[in-house]
Structure formats: C-alpha cells, structure tokens
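Step one of this worksheet: look at the structure below.
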Amino acid sequence: MSDTDQHNGNNAKQESLQLLGLWAVTMVVAIIFITTLSARTPESTKEPAGVKHAQSAQKIAPPLNETQTMAPLPPGHPQISQLQAEVAAPAPTMPELPAGHPPLDAAPAPAPVAAMHAPVEPTTPMHAPAAMHAPAEHAKADNHGQHWGYEGEGGPEHWGTMKKEYLACGEGTQQSPINIDTKDVIATKVGDITFNYQPSALEIVNNGHTIQVNFAPGSSIKFGGKIFELLQFHFHSPSEHQIDYRYFDMEAHLVHKSADGELAVIGVMLGKGASNPIMDAVWDHIPHETNKPKTVVGALVNAENLLPANRSAYYHYMGSLTTPPCSEIVNWIVMQNSTSVTDAQITTFVNTVGENNRPVQPMHRRHALTNTH
Ligand SMILES: [Zn+2]
C-alpha cells in the first residue's frame, strides 16, 4: 500500500469518524443535559450551582421553564413532575433549605446550653444541679421577699437559692456547722487562746432567730497571733456542732471580729444541768419584741462566765457563719468541755425563738485540729 492510497483511505475513514463523533458528542451533551435536569432535586443544592440558585427563588424559575420547552419529555415522565413541583413551589422549598437544614438548626441550640453550664460546673462540681436552677430561684425569692428561717420554704436547704447574697449557703465548700469526728481530728500545736474579757453592760436583743447579748468594745481574744474583738454572744438549740455525731441541748456562740474583717467564733456546748449565773441573768430579761435591744439597767455581764473551766482544750477548723449569708470567714473554736443550762431555760428559749440549728455540713477536704501542748 502506497502513501497516497493510505492517505485517501484515511480521509474517508476520518470523515465517517467525524460524523460519528459529532453525533456521539451531541448525544452525550443531550444526555448530560437531561441528567443534570433530573439531578436538580432539592438535595442537589449541595452543589455550588444549586447553592447559588437557592439564595433567590426568582432566579430559578425562568431557567426551568426554558429547559422544559427545550427538552420535551413524554407526559407523565418522572422528570416532568419533578420540574413542575420545583416551578410550582420554588419559594417555600428552596429558601427553607439553608435555614431549615438540620445542622444549622441544631447548632444554635446546644451553644447557649453549653455557655450556661460552663461557668458553673467546673467551679462547683458538687452542686451542679442546684447551680443550674439558681438564677430562676433567685428571681423568685427576690420578688417574693422570702425570709430565711429553720423550716419550710425559708429552711436551711433553701438558703443557698433564696438570694444571690446567700449563694455560699448552697455552694460553699467550707460551711458550718460540722460534725467533729474525734477519730479524724489532727493533733497539732495550734496555740492557746489569750482571753481579755471585760464586764460589759447587759444589752439583749431578740432578733427573731436567736437571743443575742451585745458587747461594748473592750473585750477581745488573741488567736493565731491576731486580735479579735468580742461583738456578741448568742444561742442555738439544739447545738449546731456535733461531737462524734452527738448533739448537745444548746450551744453558745461568742462572735469576735478582727480589724481586717475575719471572724473567730467560740462555740460552747451546753448540756442540761445546773443553773448558771450568766444564763440566769440573760434569761430573766429575754425581750419578747424582736429587734428591739433591751439594756438591763445596772447589770454587767462578763463573757468569761460562759466558758468552761478548761479553755485550752478545743477543736479548731475553718468554716462559715451558720446563718445566711453563710460567709466562709470564720475561725471556729469549739470548746471540748461543756457548761450547763437548766431544763426550764431550754424550754423558754425554744418557746421564744424556736429550734434554730442549721444541719451539719459536709467536711469536704477539711479536718478539725486539736491543740497539743
Ligand atoms: Zn450562732
């Protein structure tokens, strides 16, 4: 076969191949066009073109009408009903997709929940459920002006959620009172307490929660190298602290404050027994009207008479006020030896202010200390 023959033969072949190719290309283009149309279901909006059209329903309608006339299909063909559906209702279908798409809907919902919980849970792992309800409870309590007490809605279990200022009552980890388990007490050199108590005019107030004796300046203790001024003493019945899970009939609290605002409170357990001159003096003048301090003319009181004879045997731990706002600023000193109160005095006290002891609180990481010499 010569080069020319081969060339002629090749030309004829090429012509038929070109025709075939042109037909094939036309068919392929037609197939691709139809396929593209049939693929334009709502799900196809993931493609860039679909996403672009989805932003405006008006832009979609005209091209669909054009394609319908350019690519006729037998009546009842599935592609036609799809196209008709898209044309008939483009507005509600297409714009809804970006907004109603599950990932978009789901995303904003967990975000505020996580944000709400985040600041609370890491700081107060022990009380997460209470913390979650705190904001609503605060609003409710503040609106209704609920007062704290020892039972019902104002009881100790609700103190922490009554007001923002009382949050430590529910969330604190150094709360008082506690049970002092003498097996867990650590003996160490805490140091003796130096007492410098002076007689003071007897001023008694019934504040509705307890009977309190206020002190004029001049009485103080020295504890841990710091001076704490005696402000007042008051009573609880039954006792607030427990010693080896045992309550006493009453407990006296002698409240002292340092110049920098720290408190030192001495707890003295009172057991039912003989009469005590200082208790008699106070009990003889308990005011029945609340929050009206009563000064007993000519009477002097020395807080020393409330202490047991042995003042160097005590338990010490860091804790809080046992009433709202439960501030964790108290150096607690609980005397190991008790003094006494009469049966009649306990009855009078409970009849006047009711039982007023907060339940014992979790120790968390604390240990009570006891002094060694
Ligand atoms: Zn108290």
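Within the range 263-276, does at least one residue satisfy the condition of being more than 16 Å from the ligand (Cβ to nearest atom), more than 40 Å from the chain's Cα centre (by Cα) and assigned to a strand (DSSP E or B)? Yes, because at least one residue in the range 263-276 is more than 16 Å from the ligand (Cβ to nearest atom), more than 40 Å from the chain's Cα centre (by Cα) and assigned to a strand (DSSP E or B). Taking (1) at negative phi; (2) not in a strand (DSSP E or B); (3) not charged (D, E, K, R) in turn, Ala252 satisfies each apart from (2). Would the range 351-362 turn up any residue that is away from the ligand (no atom under 16 Å from the Cβ), within 40 Å of the chain's Cα centre (by Cα), more than 25 Å from Glu203 (Cα to Cα) and outside any helix (DSSP H, G or I)? Within the range 351-362, one or more residues are away from the ligand (no atom under 16 Å from the Cβ), within 40 Å of the chain's Cα centre (by Cα), more than 25 Å from Glu203 (Cα to Cα) and outside any helix (DSSP H, G or I).
Can you name the condition, by its number, that Thr372 falls short on among (1) closer than 21 Å to Arg246 by Cβ; (2) of a type in the set (S, T, N, Q); (3) modelled with pLDDT under 95? With (1) closer than 21 Å to Arg246 by Cβ; (2) of a type in the set (S, T, N, Q); (3) modelled with pLDDT under 95 applied to Thr372, the lone miss is (1). If you filter the range 226-242 down to residues that are farther than 23 Å from Asp280 by Cα and crowded, with 19+ Cβ neighbours inside 10 Å, you find that the one that is nearest to the ligand (Cβ to nearest atom) is His241.
What is the residue count in the range 302-320 for residues that are of a type in the set (S, T, N, Q), more than 16 Å from the ligand (Cβ to nearest atom) and part of a loop (DSSP other than H, G, I, E, B)?
Qualifying residue count for the region: 3.
If we scan the range 280-292, do we find a residue that is within 16 Å of the ligand (Cβ to nearest atom) and farther than 19 Å from Thr352 by Cβ? No - not one qualifying residue is present in the range 280-292.
So, in the range 183-233, of the ones that are among the hydroxyl-bearing types (Ser, Thr, Tyr) and assigned to a strand (DSSP E or B), which residue ends up farthest from Val350 (Cα to Cα)?
Only one residue fits best here, namely Thr188.
Per the conditions (1) assigned to a loop (DSSP other than H, G, I, E, B); (2) in contact with a helix residue (DSSP H, G or I) (Cβ under 8 Å, 6 or more places away or on another chain); (3) within 15 Å of the ligand (Cβ to nearest atom), the sole criterion not satisfied by Thr323 is (2).
When the range 193-220 is limited to residues that are closer than 20 Å to Ile286 by Cβ and of a type in the set (Val, Ile, Thr), the one that is farthest from the ligand (Cβ to nearest atom) turns out to be Ile204. The listed residues are Val341, Val330, Val334, Val350, and the only one of them that is touching a Phe, Trp or Tyr at 6+ places or on another chain (Cβ under 6 Å) and among the hydrophobic types (A, V, I, L, M, F, W, C) turns out to be Val334. Taken as a whole, the structure leaves Ser200 outside the set of residues that are closer than 30 Å to Asn291 by Cβ, buried (at least 18 other Cβ atoms within 10 Å of the Cβ) and touching an Asp or Glu at 6+ places or on another chain (Cβ under 9 Å).
Figure legend. Inter-residue proximity from the range 262-291: first residues at positive phi, second residues part of a loop (DSSP other than H, G, I, E, B), beta-carbon distance below 6 Å, spacing 6+ or different chains. Indicated pairs: Asn291/Asn207. Residues considered: Phe248, Phe223. Of these, the only one that is modelled with pLDDT of 95 or more, within 16 Å of the ligand (Cβ to nearest atom) and in the same structural domain as Met335 (by TED's automatic domain parsing) is Phe248.
The values are calculated or read from the model by the stated rules, or taken from the named source; none is laboratory data. All values reported here derive from a predicted model rather than from experimental measurement. Because the Cβ atoms are built from the backbone with ideal geometry, glycine has one as well, and the counts that use them run over all protein chains shown.
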